[in-house]
Amino acid sequence: MGLLNAFFMPQKNKDGRKGRGERLRHVAIIMDGNGRWAKERGKKRIFGHIKGAEKVPEIMQAAHEMGVEYLTLFAFSSENWNRPAAEVSALMRLLARTIKANREKFLGNKTRLLTIGDVSALPAFCRRELDLLKAQTKDFEGRNLVLALNYGSRDEITRAVKKMAGQVKSGNLEPDEISWDRISGNLDTAGIPDPDLLIRTSGELRLSNYLMLQAAYAELYFSKQYWPDFSREEFIAAVNEYHRRERRYGLTGEQLK
Ligand code: IPE
Ligand code: IPE
Ligand code: MG
């Protein structure tokens, strides 16, 4: 292989596979459609959120069985604060309750809880539950649940740029040293591999400010199911679909052979 080719080779996964059947380490999900699910049943939106939260352990288990190391769930976006105050506060109470109710499961399954997004803006009763479970699970490896809370890519990159600007100002960073590695190291996802597969439920075909930079080369899968109806079977179907895709990273199909 020529030097030029070597230079342009995409980074291989740990097991050296690329292209079709590439290893699946990280699945990110936009859990959407709770409100419509409830409305179709003549119930309040929060009822859909409760059903949605109950769905999480099943999908966590399926992801683990499929060999997924990181599962990242969009639970509350930086834009969701603009919803009616009653829905926002119900979501916050549900978050704290769900964390508490699943504590034993995280400990029993040795699942590490991580968060992305600016959690400092969450109510104290949420932060308490999150901080406790994060601390209790911080040494677990191999099985990670990442909750995106008050998360939005534009907010995340804004905070990262501010941090780096501060480092430049204090003389700890030269503008020439700014690289993608440096930028990604200042994102909330520092240390977490990029998502390989991004699933959105509810039939919406958009990313809604979720992991915009990290998902640059993620395979996208859109499900028509509302999140409370999403199933282990469809999760497995998405994983199987992922393994049929060819990830080319800008190369030609022939180069991957
Ligand atoms: C996703 O379901 C959960 C959150 C955004 C918190 P939605 O609440 O967005 O449900 P729809 O899209 O209105 O049906
Ligand atoms: C994205 O869903 C956020 C979460 C799933 C938490 P939204 O329902 O907020 O996104 P839009 O408004 O349809 O784009
Ligand atoms: Mg929605």
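Where a number appears in this text, it was derived from the coordinates with a stated rule and is not lab data. Since the structure is predicted, the reported quantities are computational estimates derived from the model, not experimental observations. As a convention, Cβ positions derive from the backbone with ideal geometry for all residues, glycine included, and neighbour counts pool all protein chains shown.
In straight-distance terms, cross-link reach from Lys100 covers every one of the lysines whose alpha-carbon lies under 21 Å from its own, apart from those fewer than eight places away in the same chain; here that gives Lys51, Lys55, Lys110, Lys134, Lys138. The GNM of the chain, with springs linking C-alpha atoms under 10 angstrom apart, assigns the highest mean-square fluctuation among Lys169, Lys51, Lys43 to Lys169. Simple spin-label estimate for Gln255 and Lys163 gives 3.1 nm between the two label positions (7 Å along the Cα-to-Cβ direction from each Cα).
Screening the chain for whole DSSP H helices of 30 Å or more along their axis (Cα) with average Kyte-Doolittle hydropathy at least -1.0 returns 45-65. Diffusion coefficient (Stokes-Einstein, Kirkwood radius over C-alpha pairs, 20 °C, 1.002 mPa s) for the chain: 109 µm²/s, rounded to a whole number. For Cα pairs less than 8 Å apart in space and 6+ apart in sequence, what is the mean separation divided by the residue count of the stretch 99-229, i.e. the relative contact order in percent? Relative contact order here is 22 percent.
Listed by chain and number, the aspartates and glutamates whose alpha-carbon sits under 15 Å from that of Lys162, ignoring those within fewer than 8 places in the same chain, are Asp118, Glu174, Asp188.
Using only the Cα atoms of the stretch 122-257, construct the convex hull and provide its projected area averaged over every direction, in square nanometres to one decimal.
On the way: hull surface 48.6 nm².
Projected area, direction-averaged: 12.1 nm².
Entry note: the stretch 105-189 has Rg to Rh equal to 1.07, where both radii use alpha-carbon atoms and Rh is the Kirkwood radius. Look at the dipole of the chain built from charges on Cβ: of Leu122, Thr201, Ala101, the Cα furthest out on the positive end belongs to Ala101. Taking amide H as placed 1.01 Å from N in the peptide plane, Arg20 has its amide H under 5 Å from the amide H of Arg247, each at least 5 places away in sequence or on another chain. The fraction of Cα-Cα pairs per 5 angstrom bin, counted from 0 for the stretch 165-214, comes to 4, 15, 22, 17, 15, 11, 7, 5, 3, 1 percent, rounded to whole percents.
So, counting K/R as plus one and D/E as minus one, what does the shell of residues with Cβ under 11 Å around Leu149 add up to?
-1
Simple point charges give the picture: +1 on the Cβ of Lys and Arg, -1 on the Cβ of Asp and Glu, and for the chain a dipole about the Cα centre of about 640 debye. In the stretch 110-173, Cα pairs under 8 Å separated by at least six residues give a relative contact order of 45 percent.
Averaging the inverse of every distinct alpha carbon separation and then flipping it gives the Kirkwood radius. What is it for the stretch 35-134, in angstrom units? Provide the component values of the computation, followed by the final result.
On the way: mean 1/r = 0.0679 Å⁻¹.
This gives a value of 14.7 Å.
For the chain, a Gaussian network of Cα nodes joined below 10 Å ranks Val88, Val27, Val146 by mean-square fluctuation, and the top entry is Val88.
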